[in-house]
Amino acid sequence: MNITLQVNGVPRTVDVDPRISLLDLLRERLGLIGAKKGCDHGQCGACTVLIDGRRANACLALAVAVDGSEVTTVEGLAADGELHPLQSAFMEHDAFQCGYCTPGQLCSAAGMLGEPGPSAVTGDILVDPDLTPEEISERMSGNLCRCGAYVNIVSAIGEVAR
């Protein structure tokens, strides 16, 4: 089955098995290995990408289900040879140790910064809250870091959010 995607700004038409996940398409067919296969059950966030600007677990999305969509991977966050502000902040704040979860953390953070509204820790659900460390931690809770670099990850995201 042929599908057409915009991947990191590049139009791609690919013949796929209807059962292939977006993650496997990106890694195995398109050579974009930034998104990692962690749990393959949508529980760790290592495979997080942006689909039409919204964060999603690529291991749970069938490639055919995102036909016609714009997909951004960690490789597509940088533009014109310049790192994305989140990538720079992660480096400045040492927000990674082994680096395995970093691509998913970066894509999730990029998507999260564009998501308005309250979260489960917001005191007043009628306001769009500031991205405090508590808000950032809650909103990033779907992305696990086995090394425990959470404090630095939250700090890096907070810097960009300000």
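Hey, which of the helices (runs of 4 or more DSSP H) in segment 97-162, taking only ones fully inside, have at least 3 residues that are at negative phi and under 13 Å from the mean Cα position of the chain (by Cα)?
Working: elements: 102-113, 133-139, 150-161.
It comes to 102-113.
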Enumeration of residues in segment 70-123 that are under 22 Å from D24 (Cβ atoms) and free of Cβ contacts under 8 Å to residues at least 60 places away in the same chain: V74, L77, G99, T102, L106
Residue list for segment 103-137, filter: within 18 Å of E159 (Cα to Cα), out of contact with any Pro (no Cβ under 8 Å at 6 or more places or on another chain) and open to solvent by 20 Å² or more (accessible area, probe 1.4 Å): A110, L113, G114, E115, P116, D130, L131, T132, P133, E134, S137
Residue match in segment 21-37 (condition: surrounded by 20 or more Cβ atoms within 10 Å (Cβ to Cβ), in contact with a Gly (Cβ under 6 Å, 6 or more places away or on another chain), not in a helix (DSSP H, G or I) and not basic (K, R)): no
Cβ-Cβ under 9 Å pairs, at least 6 apart or on other chains, segment 1-12 side modelled with pLDDT under 95, far side surrounded by 10 or more Cβ atoms within 10 Å (Cβ to Cβ) and β-branched (V, I, T): M1/V16; M1/V64
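The values are calculated or read from the model by the stated rules, or taken from the named source; none is laboratory data. Computed from a predicted model, the values in this text were never measured in an experiment. Note that each Cβ is placed from the backbone with ideal geometry, even for glycine, and that neighbours are counted across all protein chains shown. Just so you know, the surface numbers come from the protein's heavy atoms only, side chains and all, with ligands and any DNA or RNA stripped out. Shrake-Rupley method; radii C 1.70, N 1.55, O 1.52, S 1.80 Å.
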